[in-house]
1. How large is the direction-averaged shadow of the alpha-carbon convex hull of the stretch 32-101, in nm²?
2. Among the lysines, which have Cα under 16 Å from the Cα of residue 14 when same-chain residues fewer than 8 positions away are ignored?
3. Working with all protein chains in place, sort 139, 116 by solvent-accessible area computed with a 1.4 Å probe, largest first.
4. How large is the accessible surface of residue 113 in square angstrom, using a 1.4 angstrom probe and rounding to the nearest 10?
5. How far is the Cα center of the stretch 44-75 from the Cα center of the stretch 85-158, in Å?
6. What does a probe at residue 15 reach in the stretch 81-124, counting residues whose amide N is under 15 Å from the point 7 Å along Cα→Cβ?
7. Using Cα Rg over 2.2 N^0.38 Å as the read-out, say which of (1) 1.00; (2) 1.17; (3) 2.85 was calculated from these coordinates.
8. What percent do you get for the relative contact order of the chain when only Cα pairs under 8 Å and 6+ apart count?
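The values are calculated or read from the model by the stated rules, or taken from the named source; none is laboratory data. Just so it is clear, the structure is predicted and the values come from calculations on it, not from any experiment. Note that each Cβ is placed from the backbone with ideal geometry, even for glycine, and that neighbours are counted across all protein chains shown. Heavy atoms of the whole protein, side chains included, go into the accessibility calculation; ligands, DNA and RNA do not. Shrake-Rupley method; radii C 1.70, N 1.55, O 1.52, S 1.80 Å.
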Amino acid sequence: MMAADWAGAIVAIKALFASTWVIGPDPRTRIVEVNKNPEDPWPPKDAQGNLQAYVLIAPEGASADRIAFGTPGNQTYLYPGLIHVHVFVPVGQGTDQAFALAVAAGEIFRNQKFYDDVTPACYVRSWTPRVDGGGPGDDDGVWFRVTATIPFEYWHRG
């Protein structure tokens, strides 16, 4: 059996999002990840050449603490973090789509427990999403951004 770890928890967060960010067989929008080149065409456009919304998923860790002591291999560690899903829509299309997509992204993670199938007593628990008020998405004024932020904890026994 493969051991669970922080890197695996981050992969599981991105995998849960990608597998749920669909309507029928297709993604709601293009998903972009930090430090990974997006697929062409970039920026995303429809068949008429109009810019299309996309999301950037960016989980981040905050710290790590041993919270329960025991024999080696039976100690509990807690890694808290935040999942940011930044929604970008073209400027001039209003804010409705951006807020609707941000809310939908946050709901994927609302009060979930996952990544518990790799190693017993290791899992990710996500909590209540919050959506910010939006703002400029770039320095060129092409994109409007709204972010869903979801607190999470990776629990690890090791």
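1. On the way: hull surface 30.1 nm².
Seen from a random direction, the Cα hull of the stretch 32-101 projects 7.5 nm² on average.
2. 36, 113
3. Details: 139 160, 116 75 Å².
Listed by decreasing accessible area, they come as 139, 116.
4. Surface open to solvent at residue 113 totals about 90 Å².
5. Taking the Cα centre of each part, the stretch 44-75 and the stretch 85-158 sit 9 Å apart.
6. 113-120, 122-124
7. Computing Cα Rg over 2.2 N^0.38 Å and matching it to (1) 1.00; (2) 1.17; (3) 2.85 gives (2).
8. It comes to 24 percent, rounded to a whole number.
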